[in-house]
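Since the structure comes first, as structure tokens, the remarks are kept for the end.
The values are calculated or read from the model by the stated rules, or taken from the named source; none is laboratory data. Predicted model, so just to flag it, every value in this text is computed and none were measured. Heads up, the Cβs are rebuilt from the backbone with ideal geometry, glycines too, and the neighbour counts pull from every protein chain shown. Each accessible area value is taken on the protein alone, full model and side chains, heavy atoms only, with ligands, DNA and RNA left out. Shrake-Rupley method; radii C 1.70, N 1.55, O 1.52, S 1.80 Å.
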There are 2 protein chains.
Amino acid sequence: MIDTAGLRVMRAIAEAGSFTAAAHALGYSQPAISQMVRRLEDRTGTVLVERVGRSVRLTEAGQVLARHAGPVLAALDAAEEEVAAIAGLRSGRVRLMAFPSASATLVPRALALVKRTYPGVSITFTEAEPPESLAALRAGTCDLAVAFTYNGTDLGRGEQDVDLFEVTPLIDDDVRLVVPRDHPLAEAGGRGLVADLSALTDETWIAGCPRCRGHLLQVCRDAGFAPDVAYETEDYVAVMGLIAEGLGIALVPDLILRTVHHPDVSVLAVNPPSRRRIQAVTTPDLHRVPAVKATLDALLESAAAQPRPVRTGSTG
Amino acid sequence: MIDTAGLRVMRAIAEAGSFTAAAHALGYSQPAISQMVRRLEDRTGTVLVERVGRSVRLTEAGQVLARHAGPVLAALDAAEEEVAAIAGLRSGRVRLMAFPSASATLVPRALALVKRTYPGVSITFTEAEPPESLAALRAGTCDLAVAFTYNGTDLGRGEQDVDLFEVTPLIDDDVRLVVPRDHPLAEAGGRGLVADLSALTDETWIAGCPRCRGHLLQVCRDAGFAPDVAYETEDYVAVMGLIAEGLGIALVPDLILRTVHHPDVSVLAVNPPSRRRIQAVTTPDLHRVPAVKATLDALLESAAAQPRPVRTGSTG
DNA sequence: GGGTTTCGATAAGCGAGAGTTATACCCTGG
DNA sequence: CCAGGGTATAACTCTCGCTTATCGAAACCC
């Protein structure tokens, strides 16, 4: 019934004291004010303005509207400002989820970058494996997920997700073979070692996270055998310890080897090569939210600044 | 930038959970909501709604708008309700001014009538002679004035006031001649006495209020003489006392004689007859204000219920 | 797994609201 | 009495916003 334009007009009339002055203040022509007051009076069924000689004066009802105009318009401006702050990256909240090994350097560096560039944007960060983070994305409890996919396999929930999600590649992460330092494969040569998967039929294996384990099974099947998986742990420090003690060997993403070192293991390239793709995942809508976009850009920048892959050979 | 319609829509979406449901709730079609959200997003430059599969979900910015919608719309509804209360006579304020002798019965009865019919309407009443009350009307400190005019003369400020003001006749008030009970004119007969003004050339006169005095001078000049005005007072009780003591005679409006009595005076009709017209005066704008209109109607009703003029002869 | 239902986006079209210019009328002040 | 400033009105135009119709896609159900 009464809209913000009406309130604005009534307030302007109260302040300016005449239709003409109010029109100038609001950037309207004088008849526009005259007609708008008339419309308001028709709608409210009451006289709002007393036309007295050369000037005008608000009636009681008109004063009521003019009096309410201040608070209402102020509250509306506050709402607009709040939205503008989000749009202008002076404010905003991003709920970020990433799998544990991305948390090491990729995510912290991106978080620092955003915090430095847009101090008003707050990012909440939760560790989660890809299936969970994508589920959160679907459920609306996450805005941006850092996930990974091994070559060929999807993100973990079906092919249709390619349409549903907005996927941005961050880093291609080569998968390495980690063996004890005194393993025959490691001793065959110094640097630049490459191990054929097909030569690892009789090894004992250590598997990482569930999806990594799935990848291990996949590549082994492609190589024509089923691996003997004796240990499973998501803790790659433990994986390295197991390997160093000669209890098995493992496929470990390069990104992890950059932060988890062990003096008694050796790193080898794998043949056929295998890699996982680390990517930022969000929805097309959220991708257009400034704070989310800024965080994604920071992730890209952070990814570009990552050090080169570790050289094969002994680590530590 | 953001109007009330936008807030209403965002709130409806937040509550209903879908565009279609929000459209039904607001009485719009579904595309209307879709377009309105799109407009809002264009204007704010931010994504407000996340389209996820079949349903929609508000983004942070969308939630901001939805959250602000409540208070803003509530304040706006409050303003509308306040105006509606004034329009519906559940509220309202009337600043009434009347000359003293109208205050006796005409005004109190009208006030009581309004108070009974519209308890929410409050009337503030100030005594004022016509020139002042009309000035207040012009100045905006009065909404309704009860004034009077003697036959022919205007309201006191020039002929243009006929156009400027909205004048409603209430009562025609005959002017009487009041003389001491033992005055020769009173003794000439019992009831139904009529005094020729031209026979009062040598009397001593008592004048009332300034305008009444003006009227006295006017009618005497019309009758061909200048009255000997020995006393002036606006207090008609004093006038009657003066007359009773034989200190002079006076022209007194009938309306006053209905409330001010004295045993020792006689009331006579005057020839040529003279009367003052009591009328309610307001502006065309204020005349359309419900509370003012109601008060004016009450004055009319009160006037119609006034007792018949006092009979000539002795009062008390 | 396929059909059905439901929901959102889009296109086209139209109607009304709202603003502009031009002009008349009126009050006010010198 | 005249000039200046202010409002109301008329006529015109245009843009905004709603509606109907239709499509595409996702979810639900058998």
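Each copy carries a label point for B:G27 at 7 Å from Cα toward Cβ; from one copy, the others' points are 3.1 nm away, ordered from shortest. Restricting to Cα pairs below 8 Å that are 6+ residues apart, what does the relative contact order work out to for segment A:4-87? Please round to a whole percent. Rounded, it is 31 percent for segment A:4-87.
Summed over all non-identical Cα pairs, the Kirkwood treatment of segment A:1-144 gives a radius of 19.1 Å.
Across segment A:277-290, computed HN-Hα scalar couplings (Karplus, 6.51 cos²θ - 1.76 cosθ + 1.60, θ = phi - 60°) run 9, 8, 9, 8, 10, 8, 9, x, 5, 5, 4, 8, 6, x Hz from first to last residue, x flagging Gly and Pro. Where only DSSP H runs of four or more residues are counted, the protein assembly as shown gives -13500 deg cm²/dmol as its mean residue ellipticity at 222 nm, each run worth -39500 (n - 2.57). Taking 0.890 mPa s as the viscosity and 25 °C as the temperature, the Stokes-Einstein diffusion coefficient of chain B based on its alpha-carbon Kirkwood radius rounds to 102 µm²/s. All C-alpha pair distances within the protein assembly as shown, sorted into 10 Å bins from zero, spread as 3, 12, 14, 12, 10, 9, 7, 7, 7, 5, 5, 4, 3, 2, 1, 0 percent across the bins.
Since only A:V260, A:L299, A:W205 are under comparison, the one whose Cα sits farthest along the positive direction of the charge dipole of segment A:93-314, derived from C-beta charges on Lys, Arg, Asp and Glu, is A:L299.
At a probe radius of 1.4 Å, figure out the A/B buried accessible area, summed over both chains, and give it in Å² to the nearest 100.
Accessible area lost upon association: around 3600 Å².
Measuring only protein heavy atoms, the 1.4 Å probe finds B:H24 accessible over about 140 Å².
Based on alpha-carbon centroids, what's the gap between segment A:7-59 and segment B:54-100 in Å, whole number please? Centre-to-centre distance over Cα atoms comes out at 19 Å.
Protein-only accessible surface at a 1.4 angstrom probe places the residues B:D228, B:D173, A:D3 in the order B:D228, A:D3, B:D173, largest first.
Positive end of the dipole of segment A:93-314 (Cβ unit charges, origin at the Cα centre): among A:G224, A:A110, A:L251, the Cα lying farthest that way belongs to A:A110. Amide H contacts under 5 Å for A:T126: A:L96, A:M97, A:A98, restricted to partners 5 or more places along the chain or on a different chain, H placed in the peptide plane at 1.01 Å from N. Counting only DSSP beta bridges with both residues in the protein assembly as shown, the antiparallel share comes to about 60 percent. P(r) tail, segment A:4-87: Cα-Cα pairs separated by more than 23 Å, 23% of all pairs. Ranked from shortest, the separations from the 7 Å Cα-to-Cβ label point of A:A238 to its equivalents in the other copies are 11.0 nm. Using a probe of 1.4 Å on the protein chains alone, the accessible area found for B:E301 is around 110 Å².
Rolling a 1.4 angstrom probe over the protein assembly as shown with all protein chains present gives an accessible area of which 51% lies on carbon and sulfur atoms.
What size of dipole, in debye to the nearest 20, comes out for chain A about its Cα centre when the only charges are +1 on Lys and Arg C-beta atoms and -1 on Asp and Glu C-beta atoms? In total the dipole reaches around 1700 debye. The alpha-carbon of B:K293 sits under 30 angstrom from the alpha-carbons of these lysines, leaving out residues fewer than 8 places away in its chain: B:K115.
The chymotrypsin sites (Phe, Trp or Tyr not before Pro) of segment A:192-265 that meet both conditions, a loop assignment by DSSP and at most 16 other Cβ atoms within 10 Å of the site Cβ, are A:F225.
Burial annotation for segment B:58-87: residues with an accessible-area loss of at least 40 Å² between the isolated chain and the complete set of protein chains, computed on heavy atoms with a 1.4 Å probe, are B:E60, B:V64, B:H68, B:V72, B:L76, B:A79, B:E80, B:E82, B:V83, B:I86. Placing unit charges on the Cβ atoms only, positive for Lys and Arg and negative for Asp and Glu, gives segment A:1-130 a dipole magnitude near 260 debye about its Cα centre.
Give, rounded to the nearest 20 debye, the magnitude of the charge dipole that the protein assembly as shown has about its Cα centre when Lys and Arg contribute +1 at Cβ and Asp and Glu contribute -1 at Cβ.
Charge dipole of the protein assembly as shown: 440 debye, to the nearest 20.
Taking the Cβ of A:A14 as the centre, find all other residues whose Cβ is under 13 Å away and add up their charges (Lys, Arg: +1; Asp, Glu: -1). Result for the local shell: +1.
The mean sequence separation of alpha-carbon pairs under 8 Å and at least six residues apart, normalised by the residue count of chain A, gives a relative contact order of 21 percent.
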